[in-house]
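We did not get these values from a lab; they are worked out from the coordinates using the rules stated. Here the structure is a predicted model, which is why all the values come from computation and not from measurement. All Cβ positions, glycine included, derive from the backbone under ideal geometry; neighbour counts span all protein chains shown.
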């Protein structure tokens, strides 16, 4: 089938909607990254198996859907029944039959599978009533978890491709750019550069051809928003790219997907094929004379390729080394031609902006950072998952209201944002509004949206060491200050963590950080020292404890700690005996256990498994 | 070691024979053979009209490529930030201990390769271990053994 004009698209949308409306009950199984890791594919297969063998009254097989990430990964695998929004958590394949027979056939809610508020233990039936969801506002993630992730008809039914149709048939490229400029949309990959300005520069560049590229090389460890979008709503990215290509006069585009995301490649490929078949992509899109060919380019597993000029080299089949940006990539990008490169989430926002208007988007969020932002809220927070909130929401609201506070009610220590380029913010900064400029001022950065919550059992020296090791590994080696400087910083961080450093070491590290930041070409080196600088700024005492007292207050740095069992607390459950890989713990059932300090390798596995907090770190 | 290189031509046919196709071609070769055989690199250089030195440079730049054979099962321990603070290091030590190899190495019988990866994007389930393309969340030191047993069975 080919859709020949905007009218036909609207008519087809109504047909798709009508088909969906007939499914009075929809059973959504979350197949996002988190739920898949928890076995949701087996849950979905179990539903299919039951439905093959038996008819459930009033329920059609088509109404069973595998969706992208619904968000509340902590509680997965998730099953949602719409339109009521009945929300089942930690579903196992064995529950499939009961859910179909009780809830679908007889409208009976299964109490046992409901989410329970951790404050009062009360079950909550509908996910929309859970604070984790009710405090969010979703634009980029609007369809994820709601529709079948690989079905273009469902995307169209929700109004998909109508923004594109509006742009292509009712607007000039200049009007599209003006609308995006009015929306205030800034690059969601972390740079925060105004998308409208970027598009305007590319559109007016004389050199041809022009290219559009989608940066799906989500390399920040701890971030998975783009993965969720590419897997769960690939059409929103494609639609955004078509609109951008139309605005800047590009006829060829690339989606650069990270090597570690094979499912994203599969789903995007499927989406491109479907859209091309429908005449929504390829030659003469919906009967207009606009043509765009989209290709997927798979990354090779190099963090530095998230940087725009390195990414463009990689698309061209070369080694991903960044170049100096005296001339910006928007003018000389892929194959030295004008290139618009935006992040996955930015593109996913574009259809909504064209559809509802730039003014609408600008009315959400703060004055300088408009709209919403998706975050992966992870770490030691109670409700981990994928969220989207208006810009300007405070860190406290995100971590405590949506995230439900810290796991096991431990004290909050810091929140890490911006990945290896960002930093850690302490409790005193919790009331800062989250937007591009405020976070940068505070010494961290928004980054692509990874938000990792740390509790008192996370050591900031260890964390800085971790990020430095990561960057040493990923530095492409082109700039000496980055290649050698980070290496030296790492060595000194190790010295601190092993109690071999002096206060002079810290000063040296701070001085070297400056050199690395100034002397590197791309963001990797420029912001590489940030994790160290921000932790030493806010947690200097912890560094000094390592240096002067030879102690790791968080109980992480192995050279400075030892573990002991608190006899009075230990009930002899044998959990730590089983968990100890070096067989250093001995003891009988119901009798206090003992740790052999000679054998202990200080891994801390015993502390993780102990339910009675009976392992003491000294 | 000799390898059946007859499958290469099918891979070259999938892409335009241009230098731009280099990474995609190498990815497919890596997938087919579980590593990049030396002869395949030479042939790729000729087919795509790229100097062999550049093929080598690309093959060694990206983590996705390996010049030595990988095991049948590739176990990837996620060491992203979230997994790190939730104990990925312990998991890594446990697996290294069980398999008697270090991360980055392959068992002698070519059954398992052990790798660390900087984030697989399933942070909510940290720590995560992926066996080939299958993800396992909330892995504990205790569940590593089970994971390997399952892996051995297939």
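For residue A:15 and residue B:133, what does the FRET efficiency come to when R0 = 41 Å and r is the distance between their Cβ atoms, rounded to the nearest 0.05?
Plugging the Cβ-Cβ distance into 1/(1 + (r/R0)^6) gives 0.70.
Only bridges with both residues in the range B:73-153 count here: give the DSSP antiparallel percent, nearest 5.
Looking only at bridges with both residues in the range B:73-153, the antiparallel portion is about 55 percent.
Shielding by partners for B:134-140, please: the mean number of other protein chain Cβ atoms within 10 Å of each residue's Cβ.
4
Against the longest alpha carbon principal axis of chain B, how many degrees, from 0 to 90 and to the nearest 10, is the axis of helix B:22-33 turned?
So the helix axis and the longest Cα principal axis differ by about 60 degrees.
Report, as an integer, the average count of C-beta atoms from other chains found within 10 Å of each Cβ along A:163-172.
Mean partner shielding for this stretch: 0.
Please work out whether the protein assembly as shown counts as rounded, prolate or oblate from its C-alpha gyration tensor, where a ≥ b ≥ c are the square roots of the eigenvalues and a/c under 1.5 means rounded, while otherwise a/b larger than b/c means prolate and anything else oblate?
Here the protein assembly as shown falls in the rounded category.
Please state the shape class of the range A:460-548: rounded when a/c is under 1.5, otherwise prolate if a/b exceeds b/c and oblate if not, all from the C-alpha gyration tensor.
prolate
I'd like to compare A:600-612, A:98-110, A:22-34: which one has the highest average count of other Cβ atoms within 10 Å, and what's the full order after that?
A:22-34, A:600-612, A:98-110
For every helix of n ≥ 4 consecutive DSSP H residues, a contribution of -39,500 (n - 2.57) applies; sum these over chain A, divide by its total residues, and give [θ] at 222 nm rounded to the nearest 500 deg cm²/dmol.
-11000 deg cm²/dmol
Using a simple spin-label model with points 7 Å from Cα along the Cα→Cβ vector, what separation in nm is obtained for residue A:613 and residue B:60?
5.3
Hey, what did the range A:473-618 get for relative contact order, percent, Cα under 8 Å, at least 6 apart?
20
Ranked highest first by the average count of other Cβ atoms within 10 Å around their residues, in what order do A:118-127, A:62-71 fall?
Output ranking for A:118-127, A:62-71: A:62-71, A:118-127.
Report the label-to-label distance for residue A:484 and residue A:94 in nanometres (one decimal), using points 7 Å from each Cα along the Cα→Cβ vector.
Placing both labels 7 Å along Cα→Cβ, they lie 6.2 nm apart.
Give me the percent of DSSP beta bridges within the protein assembly as shown that run antiparallel, rounded to the nearest 5.
Percentage antiparallel, nearest 5: 60.
Relative contact order of chain B: what whole-number percent is it, with Cα pairs under 8 angstrom and at least 6 residues apart?
Once divided by the residue count of chain B, the mean separation gives 19 percent.
For residue B:105 paired with residue A:5, estimate the spin-label separation in nm (one decimal), with each label point 7 Å from Cα along the Cα-to-Cβ line.
7.0
Using a ≥ b ≥ c from the Cα gyration tensor of the range A:152-362 (square roots of the eigenvalues), is it rounded, prolate or oblate, where a/c under 1.5 gives rounded and otherwise the larger of a/b and b/c decides, a/b for prolate?
Rounded.
How far is helix B:88-99 tilted, in degrees, relative to the longest principal axis of the Cα atoms in chain B, given as a value from 0 to 90 rounded to the nearest 10?
Helix B:88-99 sits at roughly 80 degrees to that axis.
At R0 = 45 Å, how high is the FRET efficiency between residue A:269 and residue B:96 if r is their beta carbon distance? Nearest 0.05 is fine.
0.80
Would you please report the Å³ per residue occupied by the convex hull of the alpha carbon atoms in the range B:1-63?
Given the Cα convex hull of the range B:1-63, per-residue volume reads 77 Å³.
Quickly rank A:90-97, B:95-102 as a protection proxy: mean count of other C-beta atoms within 10 Å, highest first.
Highest-to-lowest ranking by the protection proxy: A:90-97, B:95-102.
Do the sum for chain B: with -39,500 (n - 2.57) for every DSSP H run of n ≥ 4, divided by all residues, what is the mean residue ellipticity at 222 nm, to the nearest 500 deg cm²/dmol?
Theoretical 222 nm ellipticity from helices: -13000 deg cm²/dmol.
Counting partner chain Cβ atoms within 10 Å of every residue's Cβ in B:16-24, what's the average?
Mean partner-chain Cβ count within 10 Å for B:16-24: 4.
Multiply the residue gap between residue B:39 and residue B:145 by 0.36 nm, knock off their C-alpha separation, and tell me the result in nm, one decimal place.
Full extension of this stretch gives 34.4 nm more.
Let me check against my output: what whole-number percent is the relative contact order of chain A, with C-alpha pairs under 8 Å and at least 6 apart?
Normalised by residue count, the contact order of chain A is 12 percent.
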